[in-house]
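*Asks:* Supplied in structure tokens, the structure appears directly below.
Computed from the coordinates by the stated procedures, all read-outs in this text should not be read as laboratory data. Just so you know, these numbers come straight off a predicted model, no measurement behind them. FYI the Cβ positions are ideal-geometry reconstructions off the backbone, even for glycines, and counts take in every protein chain you see.
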Ligand SMILES: CCC/C=C/C=C/C(=O)SCCNC(=O)CCNC(=O)[C@H](O)C(C)(C)COP(=O)(O)OP(=O)(O)OC[C@H]1O[C@@H](n2cnc3c(N)ncnc32)[C@H](O)[C@@H]1OP(=O)(O)O
Ligand SMILES: NC(=O)C1=CN([C@@H]2O[C@H](COP(=O)(O)OP(=O)(O)OC[C@H]3O[C@@H](n4cnc5c(N)ncnc54)[C@H](OP(=O)(O)O)[C@@H]3O)[C@@H](O)[C@H]2O)C=CC1
């Protein structure tokens with residue numbers, strides 16, 4: 001037993017040394033290749049208008065691209081008009097479908113109302129609303145100023161509420177149904193250190209969407225939520241992993257051994273916003289390659305224990321007599 005214990009402490013230090021040393025995607029991620037093509041049948045969104053906040057970059061851009069490929073007329077809105085216009089031109093030249101760019105700071109309810117006025121004249125009210133705009137940065141909470149807190153929660157929680165209420169009221173007035181989708185994240189459920197404003201605001205968005213799923217079904221409105229895990233976009237990774245040192249750790253935690261891709265997220269968003277999902281409302285779809293459950297289970301790190309180490313441990317456990 002003493003020998004086994006000694007051997008185990010050697011292998012235990014191996015275990016600690018080797019944790020997190022992997023770089024890039026894990027070899028087994030080849031068993032989970034991302035399918036990058038468009039999943040739904042062509043023209044699934046023909047004659048549909050889709051409104052996407054933060055649609056000029058990252059995941060918003062990817063969702064606009066897929067929905068446009070599926071026949072939607074997209075309206076993308078955020079603060080930077082030049083970025084939006086470039087994205088709109090790029091997507092339109094690829095898909096042949098119109099993409100409109102509208103400047104809108106979602107923190108400002110009057111700007112939101114003005115944006116909806118503009119959209120109404122361009123395309124009419126939307127059939128699909130995707131609340132995707134967000135702000136975030138890693139920061140120890142004791143370093144946050146009141147304005148830092150406000151800058152994130154205003155974009156994420158208030159911005160989503162202003163967009164949803166403005167469009168919801170107008171759709172109700174016109175007796176029009178719609179699908180609302182919010183992009184939150186896995187830590188909306190657990191909370192997370194170093195991104196407390198984002199975690200608090202995303203949790204609030206989830207409460208809002210679940211509440212409205214219950215309340216506004218009678219108006220023909222569905223509300224769903226996607227909680228992504230890490231997907232490499234410039235907007236997110238420049239603020240959450242500025243040195244690039246955390247990415248390996250993320251990949252190590254993800255059972256499928258890789259980050260998600262924007263195209264995968266866009267296919268899921270398209271499905272949840274489509275008629276194929278017309279009985280799905282109030283759903284929270286975790287989209288993270290298994291990262292959340294992987295972080296939650298007390299003994300999940302035992303994945304790193306080798307068969308030889310298991311042999312040793314089993315012998316130690318079996319040799320124990322009594323309690
Ligand atoms: C990995 C899996 C989970 C991942 C989840 C990902 C979630 C995401 O949301 S990723 C999306 C990331 N994208 C963005 O954040 C895009 C938009 N972001 C921004 O525009 C800015 O980063 C910001 C959110 C700061 C808003 O910009 P704005 O111009 O409105 O704000 P500022 O005037 O620059 O700053 C407002 C106050 O915040 C303080 N502040 C800014 N950066 C930091 C920082 N890194 N650390 C601490 N504090 C910061 C800034 O000083 C201002 O406060 P004050 O000085 O008191 O006035
Ligand atoms: N990438 C990831 O790993 C993950 C991302 N997410 C979520 O996915 C969504 C997209 O993130 P991602 O694409 O990665 O990052 P981006 O930074 O590319 O996207 C954020 C978008 O929000 C827009 N935005 C920010 N502030 C405002 C504002 N006040 N009014 C209007 N629009 C605003 C930005 O445009 P502009 O600057 O022009 O205003 C930008 O297009 C976010 O909700 C994020 O929380 C969730 C989990 C993981």
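*Asks:* Here's a check for you: in the stretch 165-184, which residue that is assigned to a helix (DSSP H, G or I) and within 16 Å of ligand 2 (Cβ to nearest atom) is nearest to residue 61 (Cα to Cα)?
*Replies:* 167
*Asks:* Hey, can you tell me all the residues within the stretch 30-69 that are in contact with a strand residue (DSSP E or B) (Cβ under 9 Å, 6 or more places away or on another chain), assigned to a loop (DSSP other than H, G, I, E, B), over 15 Å from residue 180 (Cα atoms) and more than 16 Å from ligand 1 (Cβ to nearest atom)?
*Replies:* Across the stretch 30-69, the qualifying residues are 34, 47.
*Asks:* Going by the structure shown, is residue 300 closer than 30 Å to residue 212 by Cβ and away from ligand 1 (no atom under 16 Å from the Cβ)?
*Replies:* In short, no.
*Asks:* Given the conditions (1) in contact with a helix residue (DSSP H, G or I) (Cβ under 8 Å, 6 or more places away or on another chain); (2) within 22 Å of residue 187 (Cβ to Cβ); (3) surrounded by fewer than 19 Cβ atoms within 10 Å (Cβ to Cβ), which single one is not true for residue 170?
*Replies:* Condition (2) is where residue 170 drops out.
*Asks:* Let me ask something else. Does the stretch 115-129 contain any residue that is free of Cβ contacts under 8 Å to residues at least 40 places away in the same chain and either closer than 12 Å to residue 53 by Cβ or touching a helix residue (DSSP H, G or I) at 6+ places or on another chain (Cβ under 7 Å) (or both)?
*Replies:* Yes, the stretch 115-129 has at least one match.
*Asks:* From (1) away from ligand 2 (no atom under 14 Å from the Cβ); (2) in contact with a helix residue (DSSP H, G or I) (Cβ under 6 Å, 6 or more places away or on another chain); (3) without any contact (Cβ under 8 Å) to a residue 40 or more places away in the chain, pick out the condition that doesn't hold for residue 76.
*Replies:* Every listed condition holds for residue 76 apart from (1).
*Asks:* Working only within the stretch 45-62, note down all residues that are away from ligand 2 (no atom under 15 Å from the Cβ) and at negative phi. Walk me through it before giving the result.
*Replies:* Within the stretch 45-62, the first condition is being away from ligand 2 (no atom under 15 Å from the Cβ), and the residues that meet it are 45-50.
Across the stretch 45-62, the qualifying residues are 45, 46, 48, 49, 50.
*Asks:* Are any residues in the stretch 213-229 buried (at least 18 other Cβ atoms within 10 Å of the Cβ) and farther than 23 Å from residue 64 by Cβ, and if so, which ones?
*Replies:* 213, 216
*Asks:* Taking the criterion of being in contact (Cβ under 8 Å) with a residue 12 or more places away in the chain, farther than 30 Å from residue 43 by Cα and in contact with a helix residue (DSSP H, G or I) (Cβ under 9 Å, 6 or more places away or on another chain), would at least one residue in the stretch 277-286 satisfy it?
*Replies:* No, that holds for no residue.
*Asks:* Could you tell me which of the residues 232, 202 is surrounded by fewer than 18 Cβ atoms within 10 Å (Cβ to Cβ), within 13 Å of ligand 1 (Cβ to nearest atom) and under 15 Å from the mean Cα position of the chain (by Cα)?
*Replies:* Result of the check over 232, 202: 232.
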